[in-house]
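Q: I am attaching a structure below and will ask some questions about it afterwards.
FYI, it's all coordinate maths here, none of it is from the lab. These numbers were taken from a predicted model, which means no experiment stands behind them. For neighbour counting, all protein chains shown are included, and Cβ atoms are generated from backbone atoms with ideal geometry for every residue, glycine included.
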Amino acid sequence: MVKFEYAPAPESTAVVDIAPSYGLFVDGAFVDPADGEPFKTVNPATEEVLCEVVAGGPADVDRAVQAARRAQDGVWSRLPGRERGKYLFRIARIMQERARELAVLETLDNGKPIRESRDVDVPLAAAHFFYHAGWADKLSYAGFGPDPKPYGVAGQVIPWNFPLLMLAWKVAPALACGNTVVLKPAETTPLTALLFAEICQQADLPPGVVNIVTGAGETGRALVEHDGVDKVAFTGSTEVGKAIARSVAGTRKRATLELGGKAANVVFEDAPIDQAVEGIVNGIFFNQGHVCCAGSRLLLQESVADEVLDSLKRRLGMLRVGDPLDKNTDVGAINSAAQLARIRELSDIGEAEGAQRWSPACELPDRGYWFPPTLFTGVSQAHRIAREEVFGPVLSVLTFRTPAEAVEKANNTPYGLSAGVWTEKGSRILWMADKLKAGVVWANTFNRFDPTSPFGGYKESGWGREGGRHGLEAYLHG
Amino acid sequence: MTSEPAGARSPALETVTSSVTASESALRRFLHGLPGVDQVGAEARAATLASRSVKADAKRQLIDLAISCIDLTTLEGADTPGKVRGLCAKGRRPEPDDSSCPQVAAICIYGDLVPVAVEELRGTGINVAAVATAFPSGRASLAVKLQDTRDAVAAGADEIDMVIDRGAFLSGRYGQVLDEVRQVKAACGPAHLKVILETGELATYDNVRRASWLAMLGGADFIKTSTGKISPAATLPVALVMLEAVRDFRAATGSQVGFKPAGGIRTAKDALKHFVLVHETCGDDWLDPAYYRLGASSLLNDLLLQRQRMATGRYAGRDYVTVD
């Protein structure tokens, strides 16, 4: 018998070229900040400083919004849709050409496995640009009136879990519909957005159509509250989403919010068990569980609960946790020290509340932010780990006896972003999809995304939809 | 060189087997009660595992393992004693000027050529595997199939590769398939039995899972994907489903059945992907010629080319491996 060990297979970082410091991308050029302060961005897998970026101040935000306004009035809104589409196609193609660079940079800055940035984040981001490029000259047929108009300047604030992909979800539809944008990437993951700025230059995108102002919460607040912004689009925590909703209330600004989730992944006794186990793993351990639509509550029908749990534990034993740049890594680093502290805190609370904690034996690197794949059994709806979004590789396992009980438990949350149903019975899939209060219901799969499919939440998971025809509505009015 | 596969039947195995095969309807209920296989999910899982990167020492070790797991095969109407002798020589010394290169696990041939191979392989530890039971179609009477098996065993075959009756399986006559496997197993005597499902004709992964269990309940020492005469053959998702079956069968009965993908595995890269599947699906217990075989002919030379490259850092030309 052979002892099978994968040799290290690290992706080379030679393909990326990180400057020691970056300015802000305003009006088509990288500029020094007017009143912003520099801060450092680190590789969460090693805690090494990658480079210095700027936390844009109010004057920086103002300058970017003005540039976006000029571009909107002077150029972008005057271009026919087919011309806007050409720029979007060009951006999409450059993203594909520079896919490896984008993937490596994303993994360095975010900590996610290269397998995911290479196979999911970057191809999907390019797909969003391709998809929306196709819409640009067909908006009259999208169902929003014969001649729908852009809102104007969109202020967009995105999270750190899928930095480039969330950028694409925001920028592509805004541009296709004729808006210009000021985008603030997350504090801990600004680098792919800055590379995207370079791509905009390479694509000869008119100056001011895309502006990128890096920074943390204060910069985001300055952007969202700026008078010159017509439309606010935010993806992030429900807490910040509520603050944004309060700040835009009573103004002319439109807002779409894509917030938290606590998705139920429901496995029935007639499920394809092996694939359900894969789906559970993909649901909660994909991207270290830093996924707003993660399947963080596993609902198992009691008659198969033990069988599924045994399979799941065996499968978790095979997960490869470690160097995100290694092509064989399944679970990478937690994005920041703050997020790691939050995951630890909620996990400790789970244990204190009486749930049973289990993790496979796995060695974690000494440096960097790491948390082992973890599951809690004996969880009830009353436990905080079953109610609050952990946003980490932590799965709460609950059981149910009947389909009605599954629906009741699945819907018993302030969130409603996504849900999963595992059964070989087609009629039950349709019945469940009808009853579940969630923006996306996946059947016999989980965490699958496509630019043609609208994505968004019920209840505290947000307002509006992104992607598909429905997503255009966020950037158009009749 | 091969250790003994699945020894005496365990009590747990007897209990499971006797309860689920008590009647035609019990058997049907059992097979249809196995969890379904979601096609999209199984194919996605296989594709993810196929993207694993195997390098350096791991690759070197697995290439040698792959060579030692090969059932070096020729199954042509045009096969002659000379062809079989050549294949046997190749199997004994795949790399004529490198004695560190392992020999293959078995030579797989038609039954009438068994005496030639037995003669050539005496004392080498390489097994002689014969296809039997009206291979590849399986379209003959049970009496003919059993005689085919007995002839090969009598001629000295160490292993018998039988085909199931796909017609009977697809029309739901599971009891008949089970009975054939059992009778062929009995006719094998000391020879090990590999049961070929011919997954390319079974059409669905649900069928592949059911047929795998059926073969194992019938006493298979190995389950094997394909004859090599039908395409598709040993695809990665099919291998995944069959590996899940041998894994689950061991969990249920304590009895470890081997797995042999055959057909369409032509490159070292293909073979490595199959090993990744084994490692991540049922574990390293199966990474042994006693429980894992690769049915192949052209694969061996690609493995040798890769092996040379690992040693020298350069690719050698086709003329630096032997053709037999």
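Q: From the residues in the stretch A:422-473 that are part of a strand (DSSP E or B) and aromatic (Phe, Trp, Tyr), which one is nearest to the other protein chains (Cβ to nearest Cβ)?
A: Here the residue is A:422.
Q: Residue B:315 versus (1) within 14 Å of chain A (Cβ to nearest Cβ); (2) free of Cβ contacts under 8 Å to residues at least 12 places away in the same chain: which is the lone unmet condition?
A: All conditions pass for residue B:315, except number (1).
Q: Given the stretch A:198-298, what helices (runs of 4 or more DSSP H) lie entirely inside it while holding 2 or more residues that are within 14 Å of chain B (Cβ to nearest Cβ)?
A: In the stretch A:198-298, A:273-285 are the helices (runs of 4 or more DSSP H) which contain 2 or more residues that are within 14 Å of chain B (Cβ to nearest Cβ).
Q: Surrounded by fewer than 20 Cβ atoms within 10 Å (Cβ to Cβ), out of contact with any Leu (no Cβ under 8 Å at 6 or more places or on another chain) and more than 14 Å from chain B (Cβ to nearest Cβ) - does that describe any residue in the stretch A:100-110?
A: yes
Q: Which residues, taken from the stretch B:26-42, are more than 10 Å from chain A (Cβ to nearest Cβ) and either of a type in the set (Gly, Ala, Ser) or closer than 21 Å to residue B:294 by Cα (or both)?
A: The one that is more than 10 Å from chain A (Cβ to nearest Cβ) and either of a type in the set (Gly, Ala, Ser) or closer than 21 Å to residue B:294 by Cα (or both): B:26.
Q: Can you name the residue in the stretch A:1-27 that is within 30 Å of residue A:59 (Cβ to Cβ) and surrounded by 15 or more Cβ atoms within 10 Å (Cβ to Cβ) and, of all such residues, is farthest from the other protein chains (Cβ to nearest Cβ)?
A: A:27
Q: Still on this structure, I have one more. Report yes if residue B:230 is closer than 24 Å to residue B:255 by Cα, touching a helix residue (DSSP H, G or I) at 6+ places or on another chain (Cβ under 6 Å) and outside any helix (DSSP H, G or I), otherwise no.
A: no
Q: Select from the stretch B:226-253 the residues that are touching a Pro at 6+ places or on another chain (Cβ under 9 Å) and of a type in the set (Gly, Ala, Ser) and list them in ascending order.
A: B:226, B:228, B:233, B:234, B:239
Q: Tally up the residues in the stretch B:43-58 that are at the interface with another protein chain (Cβ under 7 Å from one of its Cβ atoms) and of a type in the set (A, V, I, L, M, F, W, C), please.
A: The total comes to 3.
Q: So if I check each of A:238, A:192, which one is in contact with an Asp or Glu (Cβ under 6 Å, 6 or more places away or on another chain) and closer than 20 Å to residue A:96 by Cβ?
A: A:192
Q: Sticking with this one: If you check residue A:342 against the conditions, is it more than 12 Å from every other protein chain (Cβ to nearest Cβ), under 27 Å from the mean Cα position of the chain (by Cα), surrounded by fewer than 22 Cβ atoms within 10 Å (Cβ to Cβ) and part of a helix (DSSP H, G or I)?
A: The answer is yes for residue A:342.
Q: What residue, of B:277, B:299, B:294, B:303, is buried (at least 21 other Cβ atoms within 10 Å of the Cβ), over 25 Å from residue B:89 (Cα atoms) and touching a residue at least 40 places away in the same chain (Cβ under 8 Å)?
A: B:277
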